[in-house]
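**Student:** The structure's right below; bear with me while I get my questions together.
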There are 6 protein chains.
Amino acid sequence: MYELGVVHRNIERPDSEVVARLGSFGVATIHEAMGRVGLLEPYMRPVFVGAHVAGPAVTVLMQPGDNWMLHVVAEQLHPGDVVVAAVTADCTDGYFGELLATSFKARGARGLVIDAGVRDVRALTEMPFPVWSKAISAKGTVKATLGSVNVPVVCAGALVHPGDVVVADDDGVVIVPAPLVHKAMEAAAAREASEGEKRAKLAAGVLGLDMYGMREPLEKAGLKYID
Amino acid sequence: MYELGVVHRNIERPDSEVVARLGSFGVATIHEAMGRVGLLEPYMRPVFVGAHVAGPAVTVLMQPGDNWMLHVVAEQLHPGDVVVAAVTADCTDGYFGELLATSFKARGARGLVIDAGVRDVRALTEMPFPVWSKAISAKGTVKATLGSVNVPVVCAGALVHPGDVVVADDDGVVIVPAPLVHKAMEAAAAREASEGEKRAKLAAGVLGLDMYGMREPLEKAGLKYID
Amino acid sequence: MYELGVVHRNIERPDSEVVARLGSFGVATIHEAMGRVGLLEPYMRPVFVGAHVAGPAVTVLMQPGDNWMLHVVAEQLHPGDVVVAAVTADCTDGYFGELLATSFKARGARGLVIDAGVRDVRALTEMPFPVWSKAISAKGTVKATLGSVNVPVVCAGALVHPGDVVVADDDGVVIVPAPLVHKAMEAAAAREASEGEKRAKLAAGVLGLDMYGMREPLEKAGLKYID
Amino acid sequence: MYELGVVHRNIERPDSEVVARLGSFGVATIHEAMGRVGLLEPYMRPVFVGAHVAGPAVTVLMQPGDNWMLHVVAEQLHPGDVVVAAVTADCTDGYFGELLATSFKARGARGLVIDAGVRDVRALTEMPFPVWSKAISAKGTVKATLGSVNVPVVCAGALVHPGDVVVADDDGVVIVPAPLVHKAMEAAAAREASEGEKRAKLAAGVLGLDMYGMREPLEKAGLKYID
Amino acid sequence: MYELGVVHRNIERPDSEVVARLGSFGVATIHEAMGRVGLLEPYMRPVFVGAHVAGPAVTVLMQPGDNWMLHVVAEQLHPGDVVVAAVTADCTDGYFGELLATSFKARGARGLVIDAGVRDVRALTEMPFPVWSKAISAKGTVKATLGSVNVPVVCAGALVHPGDVVVADDDGVVIVPAPLVHKAMEAAAAREASEGEKRAKLAAGVLGLDMYGMREPLEKAGLKYID
Amino acid sequence: MYELGVVHRNIERPDSEVVARLGSFGVATIHEAMGRVGLLEPYMRPVFVGAHVAGPAVTVLMQPGDNWMLHVVAEQLHPGDVVVAAVTADCTDGYFGELLATSFKARGARGLVIDAGVRDVRALTEMPFPVWSKAISAKGTVKATLGSVNVPVVCAGALVHPGDVVVADDDGVVIVPAPLVHKAMEAAAAREASEGEKRAKLAAGVLGLDMYGMREPLEKAGLKYID
């Protein structure tokens, strides 16, 4: 959070099979499985719909209006990584566009999550290179002030350590801290298994009131039906 | 507005042919036909584009971060209903997703209008189950506090009584109070009839200045042309 | 900025080939080529994705909730024009919809940039008539108070003179002042030429760090790598 | 909500002693006493701190940027009234200032609650004439379009009928519907009585955990203490 | 608007008596006198209440997060000037605090209007050095990128030329373009003169309905009174 | 960040003299001394002006609309502590008011920093009990769901560990991580010492351009003066 001007070259990445398995679940499922935590703020929206990525977080911290460190982070990318970019103050400038996306993609990155603006929407969509951002803005940035790479960052309200697993889809972005990856994966799997069954029942017309046994607690809480 | 912990089981629904007829008009047309009133705030956006629904409002009032009453409301749904969900304070949490949509759809509901967040965007789009909401958020909710079903609610700035007609499309959401349904329907029909003719004239190059007879009032108001 | 109740009938429009040439570049490219200036605020978003227009600005200044002057401006349109509409106070009402779009299109206009709301999203998309706006809202407006046509306006944070070139795409909207049109066009061309080469290098795995010669300035600025 | 162009001259006002008694409680106390309902959105802020008013609501509905009806409502004011002003769309213009405040005060009004902007902050503070508003703005308005007086309105998210009791202080604004006035008054009194005792205990160092008997439900909910 | 890296040393300042006379009127009065134009957005708020300043605008354009040009502008200040600072993108960082205020004050500046954040609220209040800003933020800025001094800028939605007169009070900020200074002064004086008389009448209980002769136009517009 | 339902009873608090020394500096000074980091978002504003507190952070994490854990945290307070309260989703409800302030004060707490709403503004001001919050709202909360005490939290964009030093004044709130407390203290002292001298020079009319030696770098960057 507080180191500026530093690039950590070696970070521990989680096992790629575990990442793939986590990436098979939706963001909402993982968030629930972790006990309803880990989400980035809902203002983080995908640049185009339909993307769903998972990967180890490579983090970058930048100053407002300055995207210099995105070039620095490119060199640190391993195939499968997802870049998580935070800014030290509120900023909607377009930090990232087609050229950087080309570079990130060439390095094997799976996507970008950035608490700022991006541009070249059409090119990003066509490549495709999935991005979740706070804004779309053509505003360019300078390259004048240092930030850091692979330090812990707060991105859109969530703490992200390098090597945490990022999962992002149309519903938003969730961070699974590295030490909780296995637990989250199992809980998500359990949750999804039970959801299939529930979905079938609900589709058949069974009410959640009955399926979840809510009638008694609702009555106890004082709910009154009036004809 | 002020009853908590109450479910009204019997509400008066407008005639289904009238609802269908109202639903054949766009939201903007109905709003204009009613005298430019009845709209929800423009922050209410469709989860996917292209949906257009109309139905009697079944209302639900909830506390922030608590979606318990959505399960209660499911039981009260009749085929063709549109659920209008209000929250007692500003909240973007994801109150509604694939499972509840499956249940609502199984009960015959046509859509949901909710002054809060929803999730499972992809599933809602594929079903499809049309939703107009304030936010998209994977954030889960609890089931701990009572609200009410089928009481009058203020949803995104509009007063909604159970049994009012809700019409929603890509432009937003409009509420037609039950006592005004026939009048609104006729006025909308008249308006739409006249719009077809106007559209043809404008497409042919006729100016609104001439078609609406605006030149004189503009001159009277003092408009000056400078060459 | 300060003339109300005035319509300037004669404005100087830039050469149409120059406009076409500018319109072949993206908004971000032009903004960068001009020295990172000229953009409208990023809250200005296209009503549908994929549009890319360029044309001389025909400006209109209106009061909140009053779209009377949009009918006045229609008469002043030449084929290829882009209307830039500003409002004297913050307003999200739906100033513009299918009928006005039909009229503007019949007059040859290429698009609308409006610092307010618009409606009839589906019709605009189907026509198609490209619009960049601050909001989508079905809320109707009155026709009661004068504004002006073809005066300088501030639209979404940018100063626009009639006859300036407007370029708009999925990234936003940029204004090229008439006296800078040639310079901007050349600088954009130069920039785009160099981008093709850069893109190829980056796609081949070359790092921006090396391509832009950033390693030395980063080291000089104090960047430290930690293994 | 839906009548435009109408002034209801006769409204039923609650007993003035009851109003005075309600006005002796804070907004938060009344809101809690009613079951945590009735508040206007928290963006409604007092123009100057320290005001605390209560009175029957005289309501007014206006169009964006048009304050004509504030002159109409002045004539309908009885001593002790509080004006509640709603606008049919989001607007921050300065609808109200020193002159109207002078008029309202001369008619005996106790204050204004307006979901829009006001101006002449210094004069309002010096008079003093208490105002709760969404914004402070010097932007003037026109007098061109009708609204209504003493119809039900939605103001900052709350439904207000003419004759409901409005209470406003530094914490915000609460509406007590006329039929609930006595019940709210008694519940608020009971609540406040118990608060005095609680305050004394807490000031003496007693913990809410013990005073409210929370230790057992917290343990039951699974709270764990770690040394 | 589009020159970066330029300092115009010589600007034409309006006559100081005219400035003083304009400064004797409130912002709302001047805005109305000019035909309801010239205001900055209402998000521009005074750092402390009670300040009222007027002076020639000395303008400065800066990049987000970079306050370098505030040191450059200091040298260009004449006694009585008001600095108007714009930023090329949305930014809330604290560009200005006690040290720069000390410098500006030593050069005779009367105040600052800045479309960004400021800090050292307590010191600014104690000096006092009046500031109108978009935000209060302790966030520091860098000194790395050029902007300009005394070029036309768009500040909080208003076009400002160097030498225009800025008037600011608790209601906000208004810009009087240099060519309109005399006309605005006279119109404001006329308006204020008539306001005194109106205030007296309204205080005596005369209604605006009668004083402004509104009863007839309201009736003509269709207003209905219901007993 | 990710533990729910846990109360850590023992946290390491920094030396009280160090805290007092840090608290003698303003928030902006400390933020700059740390390398321009550590600030909470500028939307965090003091409930009343003039407060300036410093203390070890006792952290609390809560669910939206649920203030149960504020009673739990009260028991963990030591004299001099500052409570830092985070919520798992965006919420403006009034979590804290006079009763809890009385309890916190009785336990010796110096203040509260909360990324949500508070109420009882008048009582807080009179006590006085300093609070920095996102909103003022009378909206009450429930006591139904567990959160945690003394876990790391993200509050208004900043990571806070229990035992970090919180400093808050009229400019906002800064967090000094426990391991950096001494370094920050020394850097702040050095910075403040140099500021006194600078202030005197600037007050005497010396320009920052000369005092900071900016003329050469500005010229090198290409700044041009035009007469």
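**Student:** Any chance you could list the semi-axes, whole Å, largest first, of the equivalent ellipsoid that the Cα gyration tensor gives for the range B:74-129, using √(5λ)?
**Tutor:** On the way: eigenvalues 67, 43, 13 Å².
Equivalent ellipsoid semi-axes, largest first: 18, 15, 8 Å.
**Student:** Using a label point 7 angstrom from Cα along Cα-to-C-beta, what distances in nm, from shortest up, separate A:Lys224 from the other copies?
**Tutor:** Nearest first, the other copies' label points are 3.8, 4.2, 6.9, 6.9, 8.0 nm away.
**Student:** Let me ask you something else. Classify the range A:44-177 as rounded, prolate or oblate from the Cα gyration tensor: take a ≥ b ≥ c as the square roots of its eigenvalues, call it rounded if a/c is under 1.5, otherwise prolate when a/b beats b/c and oblate if not. Walk me through the numbers before you get to the answer.
**Tutor:** Values: a/c = 1.24, a/b = 1.04, b/c = 1.19.
Judged from the Cα gyration tensor, the range A:44-177 comes out rounded (a/c under 1.5).
**Student:** May I ask what percent, to the nearest 5, of DSSP beta bridges between residues of the range C:26-154 are antiparallel? Could you put the intermediate results ahead of the total?
**Tutor:** Numbers: 4 of 21 bridges.
Bridges in the range C:26-154 are about 20 percent antiparallel.
**Student:** So, one more: Counting pairs of alpha carbon atoms under 8 Å apart in space and at least six apart in sequence, what relative contact order in percent does the range D:156-202 give? Show your work: numbers first, answer last.
**Tutor:** Working: 25 pairs, mean separation 11.4, N = 47.
Normalised by residue count, the contact order of the range D:156-202 is 24 percent.
**Student:** Still on this structure, I have one more. What are the distances, in nm and sorted shortest first, from the label point of E:Ser16 to the label points of the same position in each other copy, with each label point placed 7 Å from Cα along the Cα-to-Cβ direction?
**Tutor:** 5.6, 5.6, 5.7, 7.5, 8.3
**Student:** Can I ask one more? Between rounded, prolate and oblate, where does the protein assembly as shown land on the alpha carbon gyration tensor, with a ≥ b ≥ c its root eigenvalues, rounded for a/c under 1.5, else prolate if a/b exceeds b/c? Provide the component values of the computation, followed by the final result.
**Tutor:** Details: a/c = 1.16, a/b = 1.00, b/c = 1.16.
Cα axes put the protein assembly as shown in the rounded bin.
**Student:** Here's something else I'd like to know. So in the range D:79-227, what percent of DSSP beta bridges are antiparallel if you round to the nearest 5? The partial results should precede the final answer.
**Tutor:** Numbers: 8 of 18 bridges.
Close to 45 percent.
**Student:** Peptides F:77-90, A:187-200: what's the order by average Cβ count within 10 Å, highest mean first? Don't jump to the answer; show the numbers that get you there.
**Tutor:** Numbers: F:77-90: 23.2, A:187-200: 14.0.
Ranking the peptides F:77-90, A:187-200 by packing returns F:77-90, A:187-200.
**Student:** Here's a follow-up. Points 7 angstrom from Cα along the Cβ direction at D:Ser194 and C:Tyr212: gap in nanometres?
**Tutor:** 6.3
**Student:** Rank by packing, highest mean first: peptides A:161-171, F:15-25, with packing defined as the count of other Cβ atoms within 10 Å averaged across residues.
**Tutor:** Numbers: A:161-171: 25.4, F:15-25: 17.0.
Per-residue Cβ counts within 10 Å, averaged per peptide and sorted highest first, yield A:161-171, F:15-25.
**Student:** Also: Determine the shielding of peptide C:39-45 by partner chains: average, over its residues, the number of Cβ atoms on other chains within 10 angstrom of each Cβ.
**Tutor:** For peptide C:39-45, the averaged partner shielding equals 5.
**Student:** To confirm my reading of the symmetry, which residue of chain F has the Cβ nearest the axis that brings F onto E, and what whole-Å distance does it have?
**Tutor:** F:Val49, 6
**Student:** Moving on. Measure off 7 Å from each Cα along the Cα-to-Cβ vector at B:His78 and C:Val18, then give the distance between these two points in nanometres to one decimal.
**Tutor:** Output for this residue pair reads 6.7 nm.
**Student:** Give me the percent of DSSP beta bridges within the protein assembly as shown that run antiparallel, rounded to the nearest 5.
**Tutor:** Numbers: 102 of 230 bridges.
Antiparallel bridges: around 45 percent, rounded to the nearest 5.
**Student:** Rounded if a/c is under 1.5, else prolate if a/b beats b/c, else oblate: with a ≥ b ≥ c from the C-alpha gyration tensor eigenvalues square-rooted, which is chain F? Write out the running numbers ahead of the final one.
**Tutor:** Details: a/c = 2.19, a/b = 1.98, b/c = 1.11.
Prolate.
**Student:** Using a label point 7 Å beyond Cα on the Cα-Cβ vector, give me the inter-copy distances for E:Leu209 in nanometres, one decimal, shortest first.
**Tutor:** Taking the point 7 Å beyond Cα along Cα→Cβ, the inter-copy spacings are 4.0, 5.1, 6.3, 6.3, 7.7 nm.
**Student:** Which log10 I(q)/I(0) values, to two decimals, does the range D:118-227 give at q = 0.19, 0.21, 0.22 Å⁻¹ under the Debye formula with one point per Cα?
**Tutor:** Treating every Cα as an identical point scatterer, log10 I(q)/I(0) equals -1.15, -1.23, -1.27.
**Student:** Residues of F:26-38, mean number of Cβ from any other protein chain within 10 Å of their own Cβ, rounded to a whole number? Mind showing how you got there, number by number?
**Tutor:** Values: counts 8, 5, 11, 6, 1, 6, 6, 0, 2, 7, 12, 8, 4.
The mean count of partner-chain Cβ atoms within 10 Å per residue comes to 6.
Just so you know, all these numbers are worked out from the coordinates, no wet-lab data involved. Bear in mind that the values here come from a model prediction, so they are computed numbers and not experimental data. Glycine also receives a Cβ, built like all others from the backbone with ideal geometry; neighbour counts cover every protein chain displayed.
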